[in-house]
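Student: Here it is, the structure in full.
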Amino acid sequence: MAQTHEWMFYEVMWRGWAGRKGQVPYPVPWWAQQAFRRWSDDFDAGTYDSKEAAFASNALYRYWHMVGVKDHRQESLIGQAGEIEPVYDKYCLSFFLHDPANGKLRLPQLPDGGSVEQRMEAAHLPVVVTTFRTPEGVEFVQRTFATPVGARQRDLVVSRVTVSSPSGQPHEGLLCAAVMPAGPSGFQRHDRNGRQITDRRLTYLRHLPDEQRVETNSGWGPVFDTPPEQYGVYGNPDSSSDPDTYLAHSPFHDLVTGGKLNGALDAQDQVAGLCSAVFAWPFRVTADEVFELDVRLPVDLYSGADDLAELKGTPATELESANRDFWAAKLLGQGLQPQLPSPVGHLTDLFRQSRSQLLILSDHGEIHPGPTVYDSFWIRDSSVEATACSLVGDSALAEHQLGTHYPLRFNRGTGRIGPCAEYGFYGGPHEKDDREWDSNGQALWAIGRFDRTVGRQAAFGAKLYVPYVRDAARWLRDNRDGYGLLHSGWSAEHLGERDKPHYWDDLWGLAGLYEAARLAERIDAPEVPELWSAFDDLKRATGDSIRWVLAEQRARGAWETYIPTGPADVGRLDSTMIGTAAYFHPLRLHMGSKLGDDVDRAARSTLDTMYAHFVTGGYRHEAAWNAYGPYLTLQLAHAYLLAGDPARMDALLGWTVGAGFPRTAGRVAALGAWNEQHAFPVASDFAEVPSRPWYMGDIPHGWAAAEYLLLIRDILFFEADEDRDPHLYIAPGIRPHWVPAGEAVAVEAAPTLFGQPFGYRLAHDPAGRTVTVDITEAPEGVRFVYPCRFGQVRAAASADGRELEVTGQDVRVPAGTERFTVTYG
């Protein structure tokens, strides 16, 4: 049964939306409009106990934009109409226009209010620009960014709004700012167990004119640089249980019917928590006049007059300039700088945007996979995120996460976690409660890869080896089932049921043990034979199990070869088999066929089986999510890159890039970011609406951003056989149509797993059917392979005229070569 506030919120939103024609407009959020567009009474009854609870939680359409400060705790979400929702504060701020002469409200949330356009100010700037144009020709532009302020560098979101008349015709009216409870993420999210994950109810709201700020419940709301000329605060003073009360007794109703607000300074609503307020500033604009307003949202801990003075002390122009300078220096001046030709220049833009998202999602060195429901620390997600950061140049963040926060998740107790020992296990509440047995392999893999990247002189791995590497590897050796595999668990929800074992865990365990053993070799630790023995034992158990499953499937008449999610899923041909993609990426177990040539062939066939059954543009994960999986699509694309099929890689990448900018009914739902799950309705502009519920995760999804960074980086180059015959693949994913005449592909000062930077420049001459590669810097003693993607290699030579060896499409280039030329036919 729905709780009162959930039912009330649902009714207010529905009545505000369904009765909008001939009624006072009401700012119904974009996500609520999508729910009403194709309403279904079928909801996720396993999580919520009523349709109203599911609606209030916004379980289906979790799309928005994000701003935040690097390495600070709280992010702010930006809605499709420019609404600003500080994640942990209980209000949402939005802007709209009112014409007192005719009583019209122009709300950017509503399709008949005017046109809305949104963009990031620049690819390297986490600044969201919302432009709203009314039918009368008035335009406001809202620039929203987050920045530190004052001596203590606390968080602040600044929204700078300008009102103008593009046509030059004079216009008068009111620019209004609304403070409402519901934002882009929803109203209140709680599950059947009564856990309130987020609660945005506004039970008390107060305007403090002397301080030019708003108080929301017990927290600070917006602070206005310019005091409003009008204001009104609204609640439910009579404790009415009629939803129409909120529509009739509202600032929007008063503006339309009377042209002014109620002038109240405070209000309460102990029934539904739907207090609201509107503040208004008169404007007159012509060709030469522009109205400007700056609003500050304190998203850090502020209290008292001194904090208010610090919050308001720096002019907004200076804050905006400092924000631009910081992100330009960080994303344009530091780290990996991919230079891609104009046909794919947008990939570079998205690369920088993904970097900024990971930096913003880092909370004091912990990279979290999302700003709302995933705003906490997982070993699994963070292992990929930290590795991505280290390989694109944000090594200080990776070092802080792996060197400081991973040891804090290393368990030293003597108890049990289900069937496993507590001591030596990497994990906090997530990993323990859900039996995420992949975490030790992921921690060891990430630590080992980072130790390679920073080089021997940093001695990173040596500092962590005892106990954090050695004893975590021993945990993998000692905590397996009777078949030698890791126990049943729920390491990743996309793999299937938690009461079954998953090969994903074993593959990660193998990669982690491999890196642990190699690290032990690099530091000359005495446990080298012990660690290799543990690796070999898990390798044997995993390989034998996969071979048994393949034989069973053949015996049952399966004509397609595929590795299912685990040994308890013989014959299960569904999308949970995506876990096998990890065999290639990020684990590189195919390099050297670490599980044997037969398993390697089966893994390659599994990629093709997945592509045939579950790819329609992106990877459809109907078995668990009933939605597309953006980061799963990127994993599959990366697997195809490493398996030598760049055409499929390119197709999957193209879909994923488009999925970062979805549109429905002409509105942009996201600006270069991915959810964990991309809803079929939004992906198809509602041409496809599933008949059963689906689930949405968080956005931006840090794991997806990390996958994108790693894919673009490996498209440009990737390392192989670091320990025996170190070599590096140059431009393995560069497609012929990416590089027109006169343009180039380039990388400068890129971190590598060899501990030394790499750089090159590739130029293409289509008329001469020639590719020239200049290697500008390279790790010592590392040879190169250039897999020519432009055509059949006819000749290849280095700058000194020496002929180079060619095997198929692979041109083999000796270490130390500075330039080579390839002619193709």
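Student: Can you find a residue that is open to solvent by 10 Å² or more (accessible area, probe 1.4 Å) and under 26 Å from Trp548 (Cα atoms) anywhere in the stretch 465-474?
Tutor: no
Student: Could you figure out which of (1) of a type in the set (S, T, N, Q); (2) in contact (Cβ under 8 Å) with a residue 12 or more places away in the chain; (3) out of contact with any Pro (no Cβ under 7 Å at 6 or more places or on another chain) isn't true of Gln756?
Tutor: (3) is the only condition that Gln756 fails.
Student: Being more than 24 Å from Gly755 (Cα to Cα), among the acidic types (Asp, Glu), open to solvent by 10 Å² or more (accessible area, probe 1.4 Å) and in contact with a His (Cβ under 6 Å, 6 or more places away or on another chain): is that true of Asp375 here?
Tutor: It is true that Asp375 is more than 24 Å from Gly755 (Cα to Cα), among the acidic types (Asp, Glu), open to solvent by 10 Å² or more (accessible area, probe 1.4 Å) and in contact with a His (Cβ under 6 Å, 6 or more places away or on another chain).
Student: Can you confirm whether the stretch 57-65 contains a residue that is modelled with pLDDT of 95 or more, within 17 Å of the chain's Cα centre (by Cα), outside any loop (DSSP other than H, G, I, E, B) and surrounded by 22 or more Cβ atoms within 10 Å (Cβ to Cβ)?
Tutor: yes
Student: Suppose we filter Leu358, Leu336 for residues that are open to solvent by less than 10 Å² (accessible area, probe 1.4 Å), over 17 Å from the mean Cα position of the chain (by Cα) and not charged (D, E, K, R); which single one remains?
Tutor: Leu336
Student: Report the residue count in the stretch 461-504 for those that are in a helix (DSSP H, G or I), at pLDDT 95 or above and under 28 Å from the mean Cα position of the chain (by Cα).
Tutor: Residues in the stretch 461-504 being in a helix (DSSP H, G or I), at pLDDT 95 or above and under 28 Å from the mean Cα position of the chain (by Cα): 2 in total.
Student: State whether the residues of the stretch 21-29 include one that is within 26 Å of the chain's Cα centre (by Cα) and crowded, with 24+ Cβ neighbours inside 10 Å.
Tutor: From the stretch 21-29, those within 26 Å of the chain's Cα centre (by Cα) are 28-29; that's our starting set.
Adding the requirement that they be crowded, with 24+ Cβ neighbours inside 10 Å leaves 29.
Checked the stretch 21-29: at least one residue is within 26 Å of the chain's Cα centre (by Cα) and crowded, with 24+ Cβ neighbours inside 10 Å.
Student: Restricting to the stretch 679-729, count the residues that are open to solvent by less than 10 Å² (accessible area, probe 1.4 Å) and of a type in the set (Ser, Thr, Tyr).
Tutor: 1
Student: Given the criteria at negative phi, modelled with pLDDT of 95 or more and in contact with a Cys (Cβ under 9 Å, 6 or more places away or on another chain), does Leu391 qualify?
Tutor: no
Student: Any idea how many residues of the stretch 749-801 are surrounded by 20 or more Cβ atoms within 10 Å (Cβ to Cβ), part of a strand (DSSP E or B), touching a Phe, Trp or Tyr at 6+ places or on another chain (Cβ under 8 Å) and not β-branched (Val, Ile, Thr)?
Tutor: Counting residues in the stretch 749-801 that are surrounded by 20 or more Cβ atoms within 10 Å (Cβ to Cβ), part of a strand (DSSP E or B), touching a Phe, Trp or Tyr at 6+ places or on another chain (Cβ under 8 Å) and not β-branched (Val, Ile, Thr) gives 7.
Student: Still on this structure, I have one more. Suppose we filter Ser167, Ser159 for residues that are touching a residue at least 24 places away in the same chain (Cβ under 8 Å), surrounded by 17 or more Cβ atoms within 10 Å (Cβ to Cβ) and not hydrophobic (A, V, I, L, M, F, W, C); which single one remains?
Tutor: Ser159
Student: Let me spell it out: the conditions are (1) without any contact (Cβ under 8 Å) to a residue 12 or more places away in the chain; (2) surrounded by 24 or more Cβ atoms within 10 Å (Cβ to Cβ); (3) not small (Gly, Ala, Ser), and Trp504 meets all of them except one. Which number is the exception?
Tutor: The single condition Trp504 does not satisfy is (1).
Student: Something else: I'd like to know if the stretch 602-609 contains one or more residues that are touching a His at 6+ places or on another chain (Cβ under 7 Å), acidic (Asp, Glu) and without any contact (Cβ under 8 Å) to a residue 40 or more places away in the chain.
Tutor: Within the stretch 602-609, not a single residue is touching a His at 6+ places or on another chain (Cβ under 7 Å), acidic (Asp, Glu) and without any contact (Cβ under 8 Å) to a residue 40 or more places away in the chain.
Student: Would you check if Gln230 is within 26 Å of Thr317 (Cα to Cα), touching an Asp or Glu at 6+ places or on another chain (Cβ under 9 Å) and open to solvent by 30 Å² or more (accessible area, probe 1.4 Å)?
Tutor: On the way: within 26 Å of Thr317 (Cα to Cα): yes; touching an Asp or Glu at 6+ places or on another chain (Cβ under 9 Å): no; open to solvent by 30 Å² or more (accessible area, probe 1.4 Å): yes.
Against the criterion (within 26 Å of Thr317 (Cα to Cα), touching an Asp or Glu at 6+ places or on another chain (Cβ under 9 Å) and open to solvent by 30 Å² or more (accessible area, probe 1.4 Å)), Gln230 does not qualify.
Residues checked against (1) touching a strand residue (DSSP E or B) at 6+ places or on another chain (Cβ under 6 Å); (2) of a type outside the set (D, E, K, R); (3) crowded, with 18+ Cβ neighbours inside 10 Å; (4) farther than 30 Å from Val657 by Cβ:
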| position | (1), (2), (3), (4) |
| --- | --- |
| Ala517 | no, yes, yes, yes |
| Thr542 | no, yes, yes, yes |
| Leu550 | no, yes, yes, yes |
| Gly557 | no, yes, no, yes |
| Gly617 | no, yes, no, no |
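Student: Could you tell me whether any residue of the stretch 566-583 is part of a loop (DSSP other than H, G, I, E, B) and hydroxyl-bearing (Ser, Thr, Tyr)?
Tutor: Checking the stretch 566-583: not a single residue is part of a loop (DSSP other than H, G, I, E, B) and hydroxyl-bearing (Ser, Thr, Tyr).
Student: Let me ask something additional. Name every residue in the stretch 116-142 that is free of Cβ contacts under 8 Å to residues at least 60 places away in the same chain, open to solvent by less than 10 Å² (accessible area, probe 1.4 Å) and of a type in the set (A, V, I, L, M), in order of residue number.
Tutor: Within the stretch 116-142, Val129 is the sole residue that qualifies.
Student: Given the options Val806, Val782, name the one that is among the β-branched types (Val, Ile, Thr) and in contact (Cβ under 8 Å) with a residue 24 or more places away in the chain. Spell out how you get there, then give the answer.
Tutor: Working: Val806 fails: in contact (Cβ under 8 Å) with a residue 24 or more places away in the chain.
Of Val806, Val782, the one residue that is among the β-branched types (Val, Ile, Thr) and in contact (Cβ under 8 Å) with a residue 24 or more places away in the chain is Val782.
Student: Another one. Looking at the stretch 288-299, is at least one residue modelled with pLDDT under 95 and surrounded by 21 or more Cβ atoms within 10 Å (Cβ to Cβ)?
Tutor: yes
Per-residue answers, yes or no, for (1) under 38 Å from the mean Cα position of the chain (by Cα); (2) free of Cβ contacts under 8 Å to residues at least 12 places away in the same chain; (3) on the phi > 0 side of the Ramachandran plot:
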site	(1), (2), (3)
Arg206	yes, no, no
Asp225	yes, no, no
Thr245	no, yes, no
Lys260	no, no, no
Gln268	yes, no, no
Ala272	yes, no, no
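Student: For the stretch 604-616, state whether one or more residues are over 23 Å from Ala706 (Cα atoms), part of a helix (DSSP H, G or I) and among the charged types (D, E, K, R).
Tutor: Yes; the residues of the stretch 604-616 include at least one that is over 23 Å from Ala706 (Cα atoms), part of a helix (DSSP H, G or I) and among the charged types (D, E, K, R).
Student: Just need a number here: residues in the stretch 559-574 that are surrounded by fewer than 24 Cβ atoms within 10 Å (Cβ to Cβ), touching a residue at least 60 places away in the same chain (Cβ under 8 Å) and of a type in the set (Gly, Ala, Ser).
Tutor: 1
Student: I'm told Val116 meets every condition in (1) in contact with a strand residue (DSSP E or B) (Cβ under 6 Å, 6 or more places away or on another chain); (2) farther than 26 Å from Pro371 by Cα except one. Can you identify the failing condition by its number?
Tutor: So Val116 meets the others, but not (2).
Student: What is the number of the single condition among (1) outside any loop (DSSP other than H, G, I, E, B); (2) farther than 30 Å from Leu519 by Cβ that Asp544 does not meet?
Tutor: Against the list (1) outside any loop (DSSP other than H, G, I, E, B); (2) farther than 30 Å from Leu519 by Cβ, Asp544 comes up short only on (2).
The values are calculated or read from the model by the stated rules, or taken from the named source; none is laboratory data. Remember, it's a predicted structure, so these values are computed and weren't measured experimentally. Positions of Cβ are generated from backbone atoms using ideal geometry, with glycine treated the same way; all protein chains shown enter the neighbour counts. Note: areas computed on protein heavy atoms with side chains; ligands, DNA, RNA excluded. Shrake-Rupley method; radii C 1.70, N 1.55, O 1.52, S 1.80 Å.
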